[in-house]
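The values are calculated or read from the model by the stated rules, or taken from the named source; none is laboratory data. Not measured: the values here are computed from a predicted model. Cβ: placed from backbone, ideal geometry, glycine included. Neighbour counts: every protein chain shown. In case anyone asks, the SASA skips ligands and DNA or RNA and just uses the protein heavy atoms, side chains included. Shrake-Rupley method; radii C 1.70, N 1.55, O 1.52, S 1.80 Å.
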4 protein chains.
Amino acid sequence: MTVRAAVAGASGYAGGELLRLLLAHPEVEIGALTGNSNAGQRLGALQPHLLPLADRVLAETTAEVLAGHDVVFLALPHGQSAAVAEHLGPDVLVVDMGADFRLADAADWEAFYGSPHAGTWPYGLPELPGARAALEGSKRVAVPGCYPTAVSLALYPAYTAGLAEPEAVIVAASGTSGAGKAPKPHLLGSEVMGSMSPYGVGGGHRHTPEMIQNLSAAAGERVAVSFTPTLAPMPRGILATCTAAAKEGVTAGTVRAAYDKAYADEPFVHLLPEGQWPATASVHGSNAVQVQVAYDAATRRIIAISAIDNLTKGTAGGAVQSMNLALGLPEGLGLSTIGVAP
Amino acid sequence: MTVRAAVAGASGYAGGELLRLLLAHPEVEIGALTGNSNAGQRLGALQPHLLPLADRVLAETTAEVLAGHDVVFLALPHGQSAAVAEHLGPDVLVVDMGADFRLADAADWEAFYGSPHAGTWPYGLPELPGARAALEGSKRVAVPGCYPTAVSLALYPAYTAGLAEPEAVIVAASGTSGAGKAPKPHLLGSEVMGSMSPYGVGGGHRHTPEMIQNLSAAAGERVAVSFTPTLAPMPRGILATCTAAAKEGVTAGTVRAAYDKAYADEPFVHLLPEGQWPATASVHGSNAVQVQVAYDAATRRIIAISAIDNLTKGTAGGAVQSMNLALGLPEGLGLSTIGVAP
Amino acid sequence: MTVRAAVAGASGYAGGELLRLLLAHPEVEIGALTGNSNAGQRLGALQPHLLPLADRVLAETTAEVLAGHDVVFLALPHGQSAAVAEHLGPDVLVVDMGADFRLADAADWEAFYGSPHAGTWPYGLPELPGARAALEGSKRVAVPGCYPTAVSLALYPAYTAGLAEPEAVIVAASGTSGAGKAPKPHLLGSEVMGSMSPYGVGGGHRHTPEMIQNLSAAAGERVAVSFTPTLAPMPRGILATCTAAAKEGVTAGTVRAAYDKAYADEPFVHLLPEGQWPATASVHGSNAVQVQVAYDAATRRIIAISAIDNLTKGTAGGAVQSMNLALGLPEGLGLSTIGVAP
Amino acid sequence: MTVRAAVAGASGYAGGELLRLLLAHPEVEIGALTGNSNAGQRLGALQPHLLPLADRVLAETTAEVLAGHDVVFLALPHGQSAAVAEHLGPDVLVVDMGADFRLADAADWEAFYGSPHAGTWPYGLPELPGARAALEGSKRVAVPGCYPTAVSLALYPAYTAGLAEPEAVIVAASGTSGAGKAPKPHLLGSEVMGSMSPYGVGGGHRHTPEMIQNLSAAAGERVAVSFTPTLAPMPRGILATCTAAAKEGVTAGTVRAAYDKAYADEPFVHLLPEGQWPATASVHGSNAVQVQVAYDAATRRIIAISAIDNLTKGTAGGAVQSMNLALGLPEGLGLSTIGVAP
């Protein structure tokens, strides 16, 4: 089986990471690559690390260019995917790496994005309860946000097991690639090296409703989420520190058992041995997730921490994993659990 | 007035930062400098940034060497300060930059440090209620830990104003200098660059009881603290994200007013204008503290965030500020609120 | 004596560093601050590390705004200084931190900058032979480029002593602040962290003729300069590795003696003890220059290496040092030789 | 064909990178893994990024443990490989990633390493003239040093084409992993972040004779090498800036033609299009080499610059590439030319 894949938005960080992974995928042939302001340029000038594609030239993002592929990946600014997807036909697998189709609740979408809701597609986080089945054979996939990927995998086992109160407090640190490749003063190397700073504090980050959606589904009740993202001086990686008060009767043992059970058979989620904690460097360039959990008896809180690569498992790796499921390929095909460290 | 100062532990990061500040202090003359394994070495080889002291040679840390000074700063591993302080006499100002005399509760000390409690000295965080008065004229000062400095200044106004429930959830990121200069594999540049990782998760960090002590004093009731420290890929700086549930009737306005009031006249604490958030780069090398606070109506939580330089306000700057108060000098003498950025 | 200073271009990195230094200068009072696209904004939003100036608002860069000061610093894009200086009158000290007045040779200027030559002002690198005298009492100062500062101080003693052949090969690494604050894709934190890359290779960098000018003056003959600048993953600092073939009869001893002599009385240039090498971290935020030199007998080359802070000694510190000389103040007033490390 | 491979020294950076590559190699089965001080520990604690090997336990480095494999990789401190290799028998492929067998000249070895010379093995840099043939079918391989890899590939085409004078001046920047995993104070994250510094200046670096050997072979005459290595604030990567005076008659065109010819068919060396320069980030985790070359007419010098990943092409990737040749496998099997960026 050879899968012909097009990538819309090939000049950005998400598109570049996707191409890195597709180049290593044994069943994928890379077709059309598009950009917008970068159309007409050699990929070698825009993504110099993708040596085998150096001489490819970016096309405009049009329905004609994207036609004739088995899979089309959309790495576009939010609000643009629906119009493109519409023209691709129901038989083409469309994997949206943007936000447009992640949320089930139209009101949530409108409150956070300020535009009409485009719809809801199967959610590309196979590790969540029920998600894998919905992805198998699907022709549409909404790839999760990077923070929701890290946070949901850190916390959902506590909620499915009924161990945690429905109020989660989450602080996450992200590498700068999460903020994209458009040049802005606060993202300059001079500004970010040596600096940690928060942003979107107080519930304003657009990934918050997605976390609420995932954790609430796991809990069977609405989970309130206090989420504070911070920008860290590194190009990649998310470390998510997630805590929630434990319900009555919870012990260190019941917490450990819930996580052992949740991740016993997950190929990409690695529950670390007790005493070892996640580090973003360990999953650099990898589709793996490191998870660890502790129960703090003094405060009666569960503390679950995960590390992912925001561009791999948090974006492009999740997209490929979902594509594999949608096409009936082995879920892990072309994906690695090995980080590039140090 | 010329103050003759000795520094025990001049080869480490705390000692080096203290010397940097003392060199800029108009009333201080730097006397004896001591080390242990480094005794006999030129300071120029150990602290090459301290050009004016390059030819000083470190002495052994003995009572004889430290005698005859107006102030003795102790930057020693915990457990060693009491024995040294004992020999210095009651008329010498002793400023302990270690942990030995910070905690009021002997049981807390023993639980976290596993050795007998040495005592309790006036606490060198002048911004806390009552602290300034206790420092004025004192001959003994316990300099706070770096994390408790950042956390207490972020959260105490919410507690003194009766706005927050007594359960704080805190996640802080620290630069690597907080872990000291002793070479350990996980502190190698190769390991820390590009990586965020937690440590001491689940209540184990020794700075936790100090935070509880400070916040409980502000609240007038015991405050439970869930504290997760993380190591960030930068040499200096702490960003502390501190949240607590709001009490009934709290609004964004009452929160803002409490912080405005607490910090209206504090020379080193800068409550940022609304919409601007702290960044560690802005206080690099400075004794300033950037604070911002938000009220998240959706979760009814107060989110207070502070940025400090862990070595300056978090250690050596706090020590000099306290020395000034103890000696009756202007509190800010020799200290700067200007960061070295970018 | 109180010197009233205006700064044109206060929102950039050079302007910000200058303000950091002027705030610490005992004889300077900070007057007008101007920007262009940023006029009307609070400095606290643009330079959040300059706490004492947070509430200052940037004015437009006009002759009226800049009038009435004792000193006007120009931190403007090249080509703009002459027009501004013209309106300031011959009695105002004008310190140009841009390139406009550095080169003596109009043809060099036109070849590298492509515009008419504005003129030549006394050159603000007091350590060069004859430079100090030309600066004393001058009303116009051209602050050197950051690379020429590092390179000239590393190599000129070898040329004045007649030890080196007139062909220098220089490779320098600079922190990203040298490239300024205007956001460009290749300067994003995501791009620069973890990466070293060259630029302006093969003689194209505009600082090359300035190096040739300085080294040729020292040598008494034209020195050819092969200069390769590289961008390093750090916000500040220049490390310049400069080599030249030794003339007949040169020994390690004659080289060492020449540098000892050149820098015996220079307050800001520190010739390191043999065996110790410069590091940019040691001069972070400082006006000091670390220099070391070796003679490689196997290749018969002199290797001189310097470290500076590109924004301090390389720009704003050099400007203040020159201002002090021009105004008859002690040369080092308000300047520090102490770095902020680690 | 399944190749069973043992790795002696699996806990260090070279060993870890080798395992990362071997895990992705379709014909290799990973056998014994040994350490010294780390024997008995889980690999998951030492190399947490190598998830598939997390439960492997390190054995002692003994002949018994290493017996019975098709290939044995030695990632040992220099001076230890000969004794181990001796016991492995002539039919086992031994790939030494240390220095012991790189130099042809025993006097060079003794001058730089101070111990008896162990011998000379086929040199694992297939791109050098004649090297590929010597590696095919060989049972012994000496993997080049990381700096000589970068430098030789940047400069050798200029020498084989007779374009350059036999005096090269080289300044290279290396990431910190090149200095290994043994904790030393100057390698702490606090020390290296934000700092560039040279070391081994003046001909003292042990990689110098290896560069001389390679370039002299290409030139057909002895090439003198002035080599200055610098430590850069990044975990991986080498940027080598290499210059030499051009011989009479050399033009930009003859230089370009020589490099075009040398690298037209090399799978791992990518001569960049004119105007684009190497960046270490582009080859992060990749076996590719980026090369660019310029001719500076003003100084009549050739400037050749290369970027490699010091751990991949500079160590473990070179080892795998050589293993492939030695075993008759396709040279690039299991190796990637795609970097992990940003």
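Annotations for the structure displayed:
- Applying the criterion of being open to solvent by less than 20 Å² (accessible area, probe 1.4 Å) and in a loop (DSSP other than H, G, I, E, B) to the residues of the stretch C:280-302, the residue that is farthest from the other protein chains (Cβ to nearest Cβ) is C:ASN287.
To keep it simple, each residue is scored yes or no on (1) of a type outside the set (Gly, Ala, Ser); (2) in contact with a strand residue (DSSP E or B) (Cβ under 9 Å, 6 or more places away or on another chain); (3) farther than 25 Å from B:ASN287 by Cβ.
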{"position": "B:GLU17", "(1), (2), (3)": "yes, no, no"}
{"position": "B:ILE30", "(1), (2), (3)": "yes, yes, no"}
{"position": "B:LEU33", "(1), (2), (3)": "yes, yes, no"}
{"position": "B:ALA63", "(1), (2), (3)": "no, no, yes"}
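- Tally of residues being outside any helix (DSSP H, G or I), open to solvent by 40 Å² or more (accessible area, probe 1.4 Å), among the small types (Gly, Ala, Ser) and under 20 Å from D:LEU329 (Cα atoms) across the stretch D:99-138: 2
- Output for the stretch C:39-85, where each listed residue is touching a Ser or Thr at 6+ places or on another chain (Cβ under 8 Å), under 23 Å from C:THR312 (Cα atoms) and within 14 Å of another protein chain (Cβ to nearest Cβ): C:LEU43, C:LEU46, C:GLN47, C:PRO48, C:HIS49, C:LEU51, C:PRO52
- A:PRO77, sole failed condition from (1) open to solvent by 30 Å² or more (accessible area, probe 1.4 Å); (2) within 14 Å of A:LEU19 (Cβ to Cβ); (3) in contact (Cβ under 8 Å) with a residue 12 or more places away in the chain: (2)
- The criterion of being open to solvent by less than 10 Å² (accessible area, probe 1.4 Å), under 30 Å from A:ALA307 (Cα atoms) and assigned to a helix (DSSP H, G or I) holds for D:GLY44.
- Residue in the stretch A:69-79 that is closer than 30 Å to D:THR280 by Cβ and charged (D, E, K, R) present: no
- Residue list for the stretch B:141-168, restricted to those being open to solvent by 10 Å² or more (accessible area, probe 1.4 Å) and of a type outside the set (Asp, Glu): B:CYS146, B:TYR156, B:THR160, B:ALA161, B:GLY162, B:LEU163, B:PRO166
- Filter pass, D:GLU17 being within 14 Å of chain A (Cβ to nearest Cβ) and under 26 Å from D:VAL340 (Cα atoms): yes
- Hey, A:LEU335 outside any helix (DSSP H, G or I), of a type in the set (A, V, I, L, M) and either at the interface with chain D (Cβ under 10 Å from one of its Cβ atoms) or closer than 16 Å to A:ARG132 by Cβ (or both) or not: yes
- Elements of type strands (runs of 3 or more DSSP E) in the stretch C:139-238, at least 2 residues being within 14 Å of chain D (Cβ to nearest Cβ), under 22 Å from D:ALA232 (Cα atoms) and touching a residue at least 40 places away in the same chain (Cβ under 8 Å): C:164-174, C:224-231
- Contact map, the stretch B:252-271: first residue within 19 Å of B:THR337 (Cα to Cα) and touching a residue at least 12 places away in the same chain (Cβ under 8 Å), second residue among the basic types (Lys, Arg) and in a helix (DSSP H, G or I), Cβ cut-off under 7 Å, separation 6 or more or different chains; pairs are B:PHE268/B:LYS313.
- Residues being buried (at least 18 other Cβ atoms within 10 Å of the Cβ) and either under 18 Å from the mean Cα position of the chain (by Cα) or assigned to a loop (DSSP other than H, G, I, E, B) (or both) - total across the stretch C:89-98: 6
- Residue list for the stretch D:316-332, filter: open to solvent by 20 Å² or more (accessible area, probe 1.4 Å) and within 14 Å of chain A (Cβ to nearest Cβ): D:GLY332
Each row is one residue, and each column tells you yes or no for (1) under 25 Å from A:HIS186 (Cβ atoms); (2) among the charged types (D, E, K, R); (3) out of contact with any helix residue (DSSP H, G or I) (no Cβ under 7 Å at 6 or more places or on another chain).
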site	(1), (2), (3)
B:PRO267	no, no, yes
B:LEU272	yes, no, yes
B:GLY275	yes, no, yes
B:SER282	yes, no, yes
B:ALA297	no, no, yes
B:ALA304	yes, no, no
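- Residue, farthest from the other protein chains (Cβ to nearest Cβ), within the stretch A:1-14, restricted to residues that are buried (at least 18 other Cβ atoms within 10 Å of the Cβ) and of a type outside the set (A, V, I, L, M, F, W, C): A:GLY9
- Test set (1) part of a helix (DSSP H, G or I); (2) touching a Lys or Arg at 6+ places or on another chain (Cβ under 9 Å); (3) surrounded by fewer than 24 Cβ atoms within 10 Å (Cβ to Cβ) - D:ALA245 fails condition number: (1)
- Condition met for B:PRO229 (out of contact with any helix residue (DSSP H, G or I) (no Cβ under 6 Å at 6 or more places or on another chain) and open to solvent by less than 10 Å² (accessible area, probe 1.4 Å)): yes
- Restricting the stretch A:251-272 to residues that are open to solvent by 10 Å² or more (accessible area, probe 1.4 Å) and assigned to a loop (DSSP other than H, G, I, E, B), the residue that is nearest to A:GLY332 (Cα to Cα): A:PRO267
- Members of the stretch D:172-197 that are open to solvent by less than 10 Å² (accessible area, probe 1.4 Å) and either of a type in the set (A, V, I, L, M) or in contact with a strand residue (DSSP E or B) (Cβ under 6 Å, 6 or more places away or on another chain) (or both): D:ALA172, D:ALA173, D:SER174, D:LEU187, D:LEU188, D:VAL192, D:MET196
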